[in-house]
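Chemist: My questions all concern the structure below.
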Amino acid sequence: MTMKTTNNILVAVVSVLAFSTVICGGESSPSRRIPEGALIPEFQAVDITGKPFACTRSSGKTLILAFLSSQQKNSQKAVEDIFRVLSSIPPDRLTSLQVAFVLQNVDNKEFIASIQKETPSIVHVLDDDQYNIWGKFGVIATPTILISNSQGKVLCVKPGHTYDFAQVVKSRLFQALEIPYDVNPNDTPTVRTVANSTMSARAKRHLQMAKLLSRKSKVSSAIEQAQIAYEIDPNSPEVALDLGELLCRAGQAQKAIKLVSSLSSQSDRDKARINLIMGWAKRQLGQLKEAEKYLLEGIQQDPMLPRLYFELGRIYQKRNDSENAMQAYFQALQLIYREE
């Protein structure tokens with residue numbers, strides 16, 4: 001039996017024992033993981049630096065509890081995603097938030113050091129080696145993230161680190177903090193999971209989320225997901241090209257040009273998409289002659305891309321060349337209907 005299997009069994013056994021102890025003591029406690037919509041159990045603790053931490057329904061603060069294992073890579077990934085989400089919150093709203101990382105153990109000094117290196121002041125690291133806090137919330141799996149609002153109502157309980165982890169945490173946290181965000185929290189877990197943890201698969205998970213958001217016209221959020229995918233796998237032409245097209249949709253022409261200008265690809269489809277992005281961006285910058293050159297070259301490489309003709313039509317329309325504009329738009333429409 002491996003050490004990992006032994007640890008998982010130990011977590012399960014201790015959690016069950018914790019429930020039994022509380023019930024025998026006459027207190028009301030859940031016999032399973034706390035559900036969304038429930039009120040958070042209250043508790044007090046001291047973090048590993050000696051600072052007090054209180055989880056109370058009357059605090060008026062939004063709460064993130066992250067149940068982690070210092071021996072697990074997915075827990076490390078969860079911490080990184082949480083820090084990324086926290087960095088996107090306006091500084092004046094951080095005072096309305098408290099965060100606690102609840103650890104099974106704190107023996108992994110490297111893991112603890114990596115947390116403390118980037119930890120904002122609102123984050124507490126709690127050593128729960130007796131599984132008292134785990135038992136209160138009915139948590140067994142690591143990582144598990146819980147988010148509650150300022151009234152102590154649980155908005156989200158997410159076990160595991162999957163493709164949509166960061167998006168779910170951000171959307172629920174922004175909901176709790178009443179920060180405007182263009183992603184409905186109920187829309188975040190709808191993309192099919194890619195079932196492996198390689199660098200390429202991780203990037204594809206974020207790219208899938210970007211495509212979903214793009215179809216819902218959530219372009220800024222789609223760009224955010226595509227940029228994460230690009231950071232994970234900057235050598236993927238698919239990721240760079242999808243991000244480039246999203247940047248063009250958002251009118252960020254200079255960024256799009258910078259992204260794809262040094263991109264090399266072997267397939268005609270990818271070469272055509274590079275020329276599409278360059279032509280699209282140049283058209284946005286008013287450089288119509290250069291834009292036309294890129295788009296016509298793209299059509300030679302792959303005449304089946306509708307957006308090439310659409311962008312070409314916009315150039316002709318800008319020049320008041322109605323006949324060529326109509327022909328280009330008509331060709332784009334034909335290809336779109338053929339795809340459908």
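The values are calculated or read from the model by the stated rules, or taken from the named source; none is laboratory data. What you see is a predicted model; the values in this text were computed from it and never measured. We place every Cβ from the backbone using ideal geometry, glycine too, and count neighbours over all the protein chains shown.
Chemist: Can you tell me which of (1) over 30 Å from Ser171 (Cβ atoms); (2) in a helix (DSSP H, G or I) is the one Ala229 doesn't meet?
Modeler: (1)
Chemist: Could you list, in sequence order, the residues of region 211-237 that are more than 23 Å from Asp81 (Cα to Cα) and surrounded by fewer than 18 Cβ atoms within 10 Å (Cβ to Cβ)?
Modeler: If the condition is that a residue be more than 23 Å from Asp81 (Cα to Cα) and surrounded by fewer than 18 Cβ atoms within 10 Å (Cβ to Cβ), then Arg215, Lys216, Ser217 are the ones that fit.
Chemist: Okay, next question. Taking the condition of a type in the set (A, V, I, L, M), assigned to a helix (DSSP H, G or I) and modelled with pLDDT under 95, does Ile277 pass?
Modeler: Considered against the rule, which asks whether it is of a type in the set (A, V, I, L, M), assigned to a helix (DSSP H, G or I) and modelled with pLDDT under 95, Ile277 comes out as no.
Chemist: Failed condition for Gly286, given (1) surrounded by fewer than 20 Cβ atoms within 10 Å (Cβ to Cβ); (2) within 23 Å of Arg202 (Cα to Cα), with all others met?
Modeler: Going through (1) surrounded by fewer than 20 Cβ atoms within 10 Å (Cβ to Cβ); (2) within 23 Å of Arg202 (Cα to Cα) one by one, Gly286 breaks only (2).
Chemist: Pairs, please: C-beta under 7 Å, at least 6 apart or cross-chain, first residue in the same structural domain as Ile228 (by TED's automatic domain parsing) and farther than 18 Å from Ala78 by Cβ and in region 199-212, second among the charged types (D, E, K, R) and assigned to a helix (DSSP H, G or I)?
Modeler: Leu207/Asp242; Ala210/Asp242
Chemist: Could you please tell me which pairs satisfy a Cβ distance under 7 Å, a separation of 6+ or placement on different chains, a first residue in region 268-287 that is not assigned by TED's automatic domain parsing to the domain that holds Ile315 and among the basic types (Lys, Arg), and a second residue that is surrounded by 24 or more Cβ atoms within 10 Å (Cβ to Cβ) and at pLDDT 95 or above?
Modeler: Partner pairs satisfying both residue conditions: none exist.
Chemist: Using the structure shown, decide if Tyr294 is in a helix (DSSP H, G or I), farther than 25 Å from Leu213 by Cα and either out of contact with any Ser or Thr (no Cβ under 9 Å at 6 or more places or on another chain) or at pLDDT below 95 (or both).
Modeler: So Tyr294 passes the test.
Chemist: Now for a separate question. Being of a type in the set (Phe, Trp, Tyr), in contact (Cβ under 8 Å) with a residue 40 or more places away in the chain and within 23 Å of Ser148 (Cα to Cα) is the filter here; which residues of region 91-131 pass it?
Modeler: Scanning region 91-131 gives a single hit, Tyr131.
Chemist: Taking the options Gly251, Gly244, name whichever one is in a loop (DSSP other than H, G, I, E, B) and at pLDDT 90 or above.
Modeler: Matching residue, one of Gly251, Gly244: Gly251.
Chemist: Leu243 fails exactly one of the following numbered conditions: (1) in the same structural domain as Leu335 (by TED's automatic domain parsing); (2) within 20 Å of Leu207 (Cβ to Cβ). What is the number of that condition?
Modeler: With respect to (1) in the same structural domain as Leu335 (by TED's automatic domain parsing); (2) within 20 Å of Leu207 (Cβ to Cβ), Leu243 is out only on (1).
Chemist: Separate question: Identify all residues within region 299-311 that are closer than 10 Å to Trp280 by Cβ and either assigned to a loop (DSSP other than H, G, I, E, B) or not basic (Lys, Arg) (or both); write none if there are none.
Modeler: Leu308, Phe310, Glu311
Chemist: For Phe174, all conditions in the list (1) touching a His at 6+ places or on another chain (Cβ under 9 Å); (2) assigned to a helix (DSSP H, G or I) hold save one; what is the number of the exception?
Modeler: The number of the failed condition is (1).
Chemist: Related question: So Pro143 clears everything in (1) under 19 Å from the mean Cα position of the chain (by Cα); (2) over 28 Å from Gln227 (Cβ atoms) except one condition, right? Which one?
Modeler: Condition not satisfied by Pro143: (2).
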